[in-house]
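A single structure is presented below for examination.
The values are calculated or read from the model by the stated rules, or taken from the named source; none is laboratory data. Model, not experiment: these values are computed from the prediction. Don't worry about glycine lacking a Cβ; one is built from the backbone with ideal geometry, like all the others, and counts go over all protein chains shown.
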Amino acid sequence: MSEKKIYTQTPDDVLASLATTKKGLTSSEVETRLTQYGKNELDAGAKKTLLVKFLEQFKDLMIIILIVAAILSVVTSGGEDISDAIIILAVVIINAIFGVYQEGKAEAAIEALKSMSTPLARVRRDGHVEEISSDLLVPGDIVSLEAGDVVPADMRLLEVNSLKIEEAALTGESVPVEKDLAVAVAEDAGIGDRVNMAYQNSNVTYGRGLGVVVATGMKTEVGKIASMLQNAEETDTPLKQNLNSLSKILTYAILLIAAVTFVIGVFLQGHPPLEELMTSVALAVAAIPEGLPAIVTIVLALGTQVLSKKNAIVRKLPAVETLGSTEIIASDKTGTLTMNQMTVEKVYTNGQLQDATDDIALDDITLQVMNFANDTKISKEGKLVGDPTETALVQYGIDHNFDIRQNLKTQPRVAELPFDSDRKLMSTVHKISEEKYLIAVKGAPDQLLKRITKKLVNGQVVEMTQADRDEILALNKSLAKQALRVLMMAYKYDHQVPALETETLEQDLIFAGLIGMIDPERKEAAEAVRVAKEAGIRPIMITGDHQDTAEAIAKRLGIIDEGDTEDHVFTGAELNELSDEEFQRVVSQYSVYARVSPEHKVRIVKAWQNEGKVVAMTGDGVNDAPALKTADIGIGMGITGTEVSKGASDMVLADDNFATIIVAVEEGRKVFSNIQKTIQYLLSANTAEVLTIFLATLFGWDVLEPVHLLWINLVTDTFPAIALGVEPAEPGVMTHKPRGRKASFFSGGVLFATIYQGLLQAALVLGVYGIAIKWPVHTGAAMHADALTMAFATLGLIQLFHAFNAKSVYQSILTVGPFRSKTFNWSIVVSGVLMAATIVVPGFNSIFHVAHLDGYQWAIVFAGSFAMIIIVEIVKAIQRAMGLDK
């Protein structure tokens with residue numbers, strides 16, 4: 001028997017196929033089936049050991065290059081100089097430890113699913129009812145359900161008595177589903193439309209039921225989600241893709257530099273091959289920005305701290321940057337864009353339609369009926385407990401100072417006719433006085449209107465005409481088009497408690513009013529959608545809710561334009577009819593996906609990714625978890641979200657606020673921009689160092705010693721680079737389009753800036769060295785020492801001045817603010833002092849092989865270094881005039 005067809009079969013056929021009856025299984029049959037099917041629990045999946053997680057951090061190409069560089073630096077120095085190797089290896093190990101720490105809860109989603117799946121169950125076995133742990137259930141067990149229960153396994157319902165089950169965690173539909181055995185269910189029906197089924201981890205909110213277990217463990221719908229989570233492919237973040245791309249470029253560039261240097265040295269200058277090989281390797285090692293992985297990690301870590309203060313908890317470091325490249329925000333509706341709380345929005349009473357915020361008289365009959373014909377309980381803490389629809393009605397009364405507990409003391413309930421899915425009505429009888437009783441009735445408008453014969457006009461009860469009925473039906477239709485769930489209220493008075501039969505109690509009623517309810521959108525969500533659109537990000541809604549409700553909420557939020565008459569809503573049933581290739585062709589036409597299953601959500605996310613888009617997916621339910629894991633960045637809800645969805649996410653919103661995503665996107669854009677600035681700064685500096693030594697070798701000059709490069713890399717590369725990584729965002733960062741998946745660290749003019757600025761730095765350093773040789777202060781060895789010191793000082797200072805240029809690719813430093821960041825200012829001061837100390841402080845001269853400089857020599861050094869800012873500012877002005885900054 002295929003589980004897919006269970007809901008299309010009769011109860012007798014299901015029982016027969018499972019070899020069971022309503023009396024339940026015997027103990028011996030249970031033991032046999034436990035052996036056959038296993039326990040009703042989820043597989044945890046293979047867990048990675050701490051060592052495996054640690055070793056996986058070394059798979060990145062950049063890390064491999066750094067390790068090779070560390071080994072080569074030891075080899076080329078004959079084992080005498082290991083400082084470079086120590087620095088490189090320290091950076092690599094710290095980076096790996098941080099990565100393991102951030103991703104230490106990789107299996108949290110499955111563990112959370114397991115913990116959710118073990119409630120108690122009341123089961124019929126050996127002819128009597130017993131309460132057992134749900135992990136001992138087997139297919140064929142007969143289980144009873146009552147309000148407040150968690151459904152312990154997937155079940156085909158056999159009996160229902162006003163049974164309602166809230167399935168939001170699986171379907172995203174906020175309103176509990178009324179279960180009905182009489183309705184024929186289509187074979188292609190989604191989970192939310194299978195009204196004769198009950199699914200594991202859903203919640204019984206009303207009534208009672210009896211069902212036969214048809215699936216346990218990994219065969220349940222929750223189990224399928226767990227399997228999808230285990231098998232979901234990890235998507236490389238744009239940051240990781242960019243770093244891998246950068247690593248490849250650096251590898252080719254470094255190999256080319258080493259090869260060219262070797263050829264020139266051996267074949268043009270006649271150097272010994274072994275000596276030239278060592279020189280080439282040393283030059284290649286110098287070209288590697290060994291601090292880059294550490295700086296990227298630091299920038300991302302600082303970004304996580306900023307976001308945590310803004311209620312966005314980042315679980316995986318690269319997620320910070322991924323947000324900045326997001327082009328699609330695919331959001332679940334219930335609990336993310338909406339409150340996941342049914343709320344009264346419209347009230348029609350006394351012939352007037354009014355908003356829920358408008359005043360209403362305490363003796364208004366509509367207000368009384370909605371509170372009286374209601375089973376909501378109020379806990380000692382004041383919390384409303386019951387069906388979400390009924391609690392919404394009581395909450396409306398509380399908001400308008402209607403004290404239901406006090407009213408029930410003076411007008412107590414003395415009888416009732418409970419709701420059932422056939423009548424779709426509920427009635428209660430209240431004693432007003434010794435000879436006067438109020439019958440309060442609420443229910444579905446189409447059913448209740450048939451039983452109404454009168455209405456109240458200006459305090460007088462009059463006969464209801466057909467025109468009155470047409471008017472009420474038209475209003476009901478209008479409210480329903482706004483995706484409001486409409487309930488009708490009616491009443492009558494009697495001198496005694498009527499017979500508790502629908503033919504007596506619920507006939508000849510007086511119309512009171514209509515109530516329109518909805519799970520309302522979050523107040524801040526519409527503004528967040530607007531800002532997202534302005535930033536070039538397309539918000540789309542993916543929900544298990546009904547098409548009309550999804551469309552109405554989407555229009556209220558601005559995801560779909562209010563006046564747009566085109567069909568922008570795609571349903572799960574329509575998606576089932578299309579192959580992946582067919583769906584790919586139409587995916588961009590739709591902004592709202594309704595009545596979808598977990599599998600559909602994954603298909604939708606993948607389809608957008610196949611369009612080359614960077615997709616962020618938000619969600620709070622178990623049903624969202626596979627899509628959260630598949631997306632480039634999964635965003636869980638911290639308050640309403642299940643542990644499953646949080647465990648599958650890269651980031652969790654502590655306040656469940658959709659608007660927080662937009663704040664996080666801005667931070668992500670800033671992070672990428674700052675990493676880009678850092679890379680531009682480091683690579684242009686390293687390019688300058690390599691070119692300086694390379695060109696000096698061609699000229700036969702001895703410009704810099706290894707200790708000089710090491711000190712400059714340690715001092716002027718590190719502090720300013722980190723400071724650039726935490727720069728404030730440039731103005732207008734949220735008015736630009738997302739850079740997308742194809743953008744790299746070298747896009748947006750960075751590659752050209754890196755190359756020409758590296759050449760410029762090398763030219764200025766060699767120019768200062770040439771001046772020192774051409775117009776020396778001293779002669780002989782002292783002249784060479786002066787020239788070497790001036791080149792060293794110029795290369796260090798020019799990089800500090802260049803840090804100001806790196807604040808923006810195109811904007812003038814005066815526009816972005818040269819001194820607006822205290823961190824940056826102090827980094828320049830500290831680096832400058834450390835650079836100057838090697839020359840000015842007498843004890844350092846011999847260590848760094850430098851000489852003291854006089855005022856004339858310092859003036860040349862400063863002039864050559866500061867020229868970097870002037871020339872780059874001129875180039876930027878020309879670029880802006882050409883419109884390259886657009």
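Any idea which of Val143, Val177, Val138 is modelled with pLDDT of 90 or more and closer than 30 Å to Gly335 by Cβ?
Matching residue, one of Val143, Val177, Val138: Val143.
Taking the condition over 23 Å from the mean Cα position of the chain (by Cα), at pLDDT 70 or above, under 30 Å from Thr10 (Cα atoms) and not assigned by TED's automatic domain parsing to the domain that holds Pro738, does Val263 pass?
No.
Here's a follow-up. Please find, among Val296, Val320, the residue that is aliphatic (A, V, I, L, M), in a helix (DSSP H, G or I) and outside the structural domain of His736 (by TED's automatic domain parsing).
Of Val296, Val320, the one residue that is aliphatic (A, V, I, L, M), in a helix (DSSP H, G or I) and outside the structural domain of His736 (by TED's automatic domain parsing) is Val320.
Residues that are closer than 30 Å to Ala743 by Cβ: which strands (runs of 3 or more DSSP E) entirely in segment 323-406 hold 2 or more of them?
In segment 323-406, the matching strands (runs of 3 or more DSSP E) lie at 328-332.
Restricted to segment 866-886, and to residues that are basic (Lys, Arg) and either without any contact (Cβ under 8 Å) to a residue 60 or more places away in the chain or under 19 Å from Ala763 (Cβ atoms) (or both), which residue is surrounded by the fewest Cβ atoms within 10 Å (Cβ to Cβ)?
Taking the candidates together, the pick is Lys886.
Sticking with this one: Output the residues belonging to segment 166-193 that are among the polar types (S, T, N, Q) and either assigned to a loop (DSSP other than H, G, I, E, B) or surrounded by fewer than 19 Cβ atoms within 10 Å (Cβ to Cβ) (or both).
Passing the criteria: only Ser174.
Another question, if that's okay. Give the residue, chosen from Leu714, Leu760, Leu764, that is surrounded by fewer than 18 Cβ atoms within 10 Å (Cβ to Cβ), assigned by TED's automatic domain parsing to the domain that holds Ile871 and assigned to a helix (DSSP H, G or I).
Leu714
While we're on this one: Only residues that are outside any strand (DSSP E or B) and among the β-branched types (Val, Ile, Thr): list them for segment 603-630, please.
Ile604, Val605, Val614, Val622, Thr630
In addition: Of the residues that make up segment 784-792, is at least one in a helix (DSSP H, G or I), buried (at least 17 other Cβ atoms within 10 Å of the Cβ) and touching a Gly at 6+ places or on another chain (Cβ under 9 Å)?
Yes - at least one qualifying residue is present in segment 784-792.
While we're here: Do you know which of the residues in segment 484-520 that are of a type in the set (Asp, Glu) and surrounded by 23 or more Cβ atoms within 10 Å (Cβ to Cβ) is farthest from the chain's Cα centre (by Cα)?
Glu506
Also, I was wondering about something else. So for segment 554-563 (the condition being of a type in the set (D, E, K, R), farther than 23 Å from Ala169 by Cβ and part of a loop (DSSP other than H, G, I, E, B)), does at least one residue qualify?
yes
State all residues of segment 294-320 that are surrounded by fewer than 19 Cβ atoms within 10 Å (Cβ to Cβ) and of a type outside the set (S, T, N, Q); if no residue qualifies, say none.
Answer for segment 294-320, where residues must be surrounded by fewer than 19 Cβ atoms within 10 Å (Cβ to Cβ) and of a type outside the set (S, T, N, Q): Ala301, Leu302, Val306, Lys309, Lys310, Ile313.
Further question: What about Val777, is it in contact with an Asp or Glu (Cβ under 7 Å, 6 or more places away or on another chain), within 23 Å of Asp702 (Cα to Cα) and touching a residue at least 12 places away in the same chain (Cβ under 8 Å)?
Criteria met by Val777.
So which residues in segment 485-495 are touching a residue at least 60 places away in the same chain (Cβ under 8 Å) and either closer than 19 Å to Val347 by Cβ or in a loop (DSSP other than H, G, I, E, B) (or both), if there are any at all?
Listed by number, the residues that qualify are Arg485, Leu487, Met489, Ala490, Tyr491, His495.
For segment 384-400, which residues satisfy the criterion of being among the charged types (D, E, K, R) and surrounded by fewer than 21 Cβ atoms within 10 Å (Cβ to Cβ)?
Correct list: Asp399 only.
So, in segment 464-484, of the ones that are outside any helix (DSSP H, G or I) and at pLDDT 90 or above, which residue ends up nearest to Ala373 (Cα to Cα)?
Among them, the one singled out is Leu484.
On to the next question. List the number of the failed condition for His802; all other conditions in (1) closer than 30 Å to Val777 by Cα; (2) surrounded by fewer than 20 Cβ atoms within 10 Å (Cβ to Cβ) hold.
With respect to (1) closer than 30 Å to Val777 by Cα; (2) surrounded by fewer than 20 Cβ atoms within 10 Å (Cβ to Cβ), His802 is out only on (2).
I would also like to ask the following. Among the numbered criteria (1) out of contact with any Lys or Arg (no Cβ under 8 Å at 6 or more places or on another chain); (2) in a helix (DSSP H, G or I); (3) closer than 23 Å to Val665 by Cα, which single criterion is violated by Ile540?
For Ile540, the failing item is (2).
When the residues of segment 813-836 are narrowed to those that are surrounded by fewer than 12 Cβ atoms within 10 Å (Cβ to Cβ) and not hydrophobic (A, V, I, L, M, F, W, C), which ends up modelled with the lowest pLDDT?
That would be Arg820.
For a quick check of your reading of the model, give me the residue pairs whose first member lies in segment 146-172 and is farther than 22 Å from Glu599 by Cα and of a type in the set (Asp, Glu), whose second is outside any strand (DSSP E or B) and at pLDDT 85 or above, with beta-carbon atoms closer than 9 Å and at least 6 apart or on different chains.
Glu159/Pro11; Glu159/Lys22; Glu159/Leu181
Only one of Asn340, Asn350, Asn374 is crowded, with 17+ Cβ neighbours inside 10 Å, out of contact with any strand residue (DSSP E or B) (no Cβ under 7 Å at 6 or more places or on another chain), closer than 14 Å to Leu514 by Cβ and touching a residue at least 40 places away in the same chain (Cβ under 8 Å); which?
After applying the criteria, what remains is Asn350.
Moving on to the next point. May I ask you to verify whether Pro776 is surrounded by fewer than 16 Cβ atoms within 10 Å (Cβ to Cβ) and in contact with a helix residue (DSSP H, G or I) (Cβ under 7 Å, 6 or more places away or on another chain)?
Considered against the rule, which asks whether it is surrounded by fewer than 16 Cβ atoms within 10 Å (Cβ to Cβ) and in contact with a helix residue (DSSP H, G or I) (Cβ under 7 Å, 6 or more places away or on another chain), Pro776 comes out as yes.
Test Phe752 against the stated conditions and say whether it is under 25 Å from Ile870 (Cβ atoms) and either touching a helix residue (DSSP H, G or I) at 6+ places or on another chain (Cβ under 9 Å) or assigned to a helix (DSSP H, G or I) (or both).
yes
So, of the residues in segment 564-575 that are at pLDDT 90 or above and not in a strand (DSSP E or B), which turns out to be surrounded by the most Cβ atoms within 10 Å (Cβ to Cβ)?
Leu575
Something else: Collect the residues in segment 443-481 that are farther than 11 Å from Phe511 by Cβ and in contact with a helix residue (DSSP H, G or I) (Cβ under 6 Å, 6 or more places away or on another chain), keeping them in residue-number order.
Answer for segment 443-481, where residues must be farther than 11 Å from Phe511 by Cβ and in contact with a helix residue (DSSP H, G or I) (Cβ under 6 Å, 6 or more places away or on another chain): just Asn476.
Taking segment 587-610 as the search range and keeping residues that are crowded, with 24+ Cβ neighbours inside 10 Å and under 10 Å from Ala330 (Cβ atoms), which one is modelled with the lowest pLDDT?
This residue is Lys601.
Lys613 fails exactly one of the following numbered conditions: (1) in contact with a Gly (Cβ under 8 Å, 6 or more places away or on another chain); (2) surrounded by 24 or more Cβ atoms within 10 Å (Cβ to Cβ). What is the number of that condition?
Here Lys613 clears every test but (2).
So which residues in segment 116-164 are of a type in the set (Ser, Thr, Tyr) and outside any strand (DSSP E or B)?
Ser117, Thr118, Ser134
Out of curiosity, is Ser649 assigned by TED's automatic domain parsing to the domain that holds Glu581, part of a helix (DSSP H, G or I) and buried (at least 24 other Cβ atoms within 10 Å of the Cβ)?
For Ser649, the condition - assigned by TED's automatic domain parsing to the domain that holds Glu581, part of a helix (DSSP H, G or I) and buried (at least 24 other Cβ atoms within 10 Å of the Cβ) - is not met.
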